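Note sheet for the following structure.
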Amino acid sequence: MTHWATFFTAAVLLNITPGPDMAYVLAHSLRRGRRAGFIAMGGVWLGAFVHVVLAALGLSALLASSALAFALVKYVGALYLLWLGIQAWRASADPMPQATAESGSARSTFGRGVLVAALNPKVAVFFLAFLPQFVVPGAGPVGAQLFLHGCLIIAVAALVEPPMVWFAASVARRMRANAAMQRWLDRALGSLFIALGLRLATASR
């Protein structure tokens with residue numbers, strides 16, 4: 001009981017901590033509505049699952065130990081966040097989209113969510129440092145235990161994040177008719193992505 005209580009408490013705190021993934025999900029919830037928010041959330045979960053698999057296979061250790069690999073993924077991820085921020089600023093002059101997503105837009109939203117999570121090397125290092133603390137000697141293969149706990153973190157996200165998407169989309173409906181508020185929201189979200197990109201670019205292992 002102590003093991004699982006500690007783990008799930010940490011998992012909840014992890015999932016409510018602001019970061020690029022949460023910012024991306026909330027941005028789409030506010031900008032395009034509930035459906036786009038859930039699509040973005042699914043993409044982020046898949047990107048996080050990539051890190052879970054890498055941690056279970058031991059490949060995250062390479063990212064954590066190799067300065068070149070860490071820097072490469074870090075700068076690619078930072079540039080991607082900066083690009084998302086610039087796109088949000090440019091969108092501030094456009095009309096607020098309706099809360100429906102075409103298939104092409106849905107695929108793009110999902111794919112970008114995968115990239116936002118997968119291109120964050122800090123997530124890989126975190127899983128590498130966090131998950132081994134919950135490995136129990138003799139309870140089974142280490143890789144399987146890491147994989148199980150990593151998947152449970154995503155399962156906790158499935159309980160924590162949907163209410164955030166629902167609330168953000170509800171707020172967006174009220175803001176959609178207010179052009180000034182729309183521009184302020186887009187610029188605020190764009191500034192947040194840019195700030196997260198800069199923070200990632202200056203992060204160390």
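The values are calculated or read from the model by the stated rules, or taken from the named source; none is laboratory data. All values reported here derive from a predicted model rather than from experimental measurement. Positions of Cβ are generated from backbone atoms using ideal geometry, with glycine treated the same way; all protein chains shown enter the neighbour counts. Accessible surface areas use protein heavy atoms only, side chains included; no ligands, DNA or RNA. Shrake-Rupley method; radii C 1.70, N 1.55, O 1.52, S 1.80 Å.
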When the range 12-25 is examined, which residues are found to be buried (at least 23 other Cβ atoms within 10 Å of the Cβ) and among the hydrophobic types (A, V, I, L, M, F, W, C)? 25
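For (1) farther than 22 Å from residue 49 by Cβ; (2) over 15 Å from the mean Cα position of the chain (by Cα); (3) open to solvent by less than 40 Å² (accessible area, probe 1.4 Å); (4) modelled with pLDDT under 75, each residue gets a yes or a no:
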position: 68; (1), (2), (3), (4): yes, yes, no, yes
position: 75; (1), (2), (3), (4): yes, yes, no, no
position: 104; (1), (2), (3), (4): yes, yes, yes, yes
position: 111; (1), (2), (3), (4): no, no, yes, no
Would you pick out the residues in the range 14-29 that are modelled with pLDDT under 80 and over 14 Å from residue 158 (Cβ atoms)? 17, 18, 19
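With respect to residue 173, is the statement that it is more than 19 Å from residue 16 (Cα to Cα), surrounded by fewer than 18 Cβ atoms within 10 Å (Cβ to Cβ), modelled with pLDDT of 85 or more and out of contact with any Lys or Arg (no Cβ under 8 Å at 6 or more places or on another chain) true?
Considered against the rule, which asks whether it is more than 19 Å from residue 16 (Cα to Cα), surrounded by fewer than 18 Cβ atoms within 10 Å (Cβ to Cβ), modelled with pLDDT of 85 or more and out of contact with any Lys or Arg (no Cβ under 8 Å at 6 or more places or on another chain), residue 173 comes out as no.
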Kindly indicate whether any position in the range 36-58 is assigned to a helix (DSSP H, G or I), open to solvent by less than 70 Å² (accessible area, probe 1.4 Å), at pLDDT below 85 and farther than 21 Å from residue 7 by Cα. no
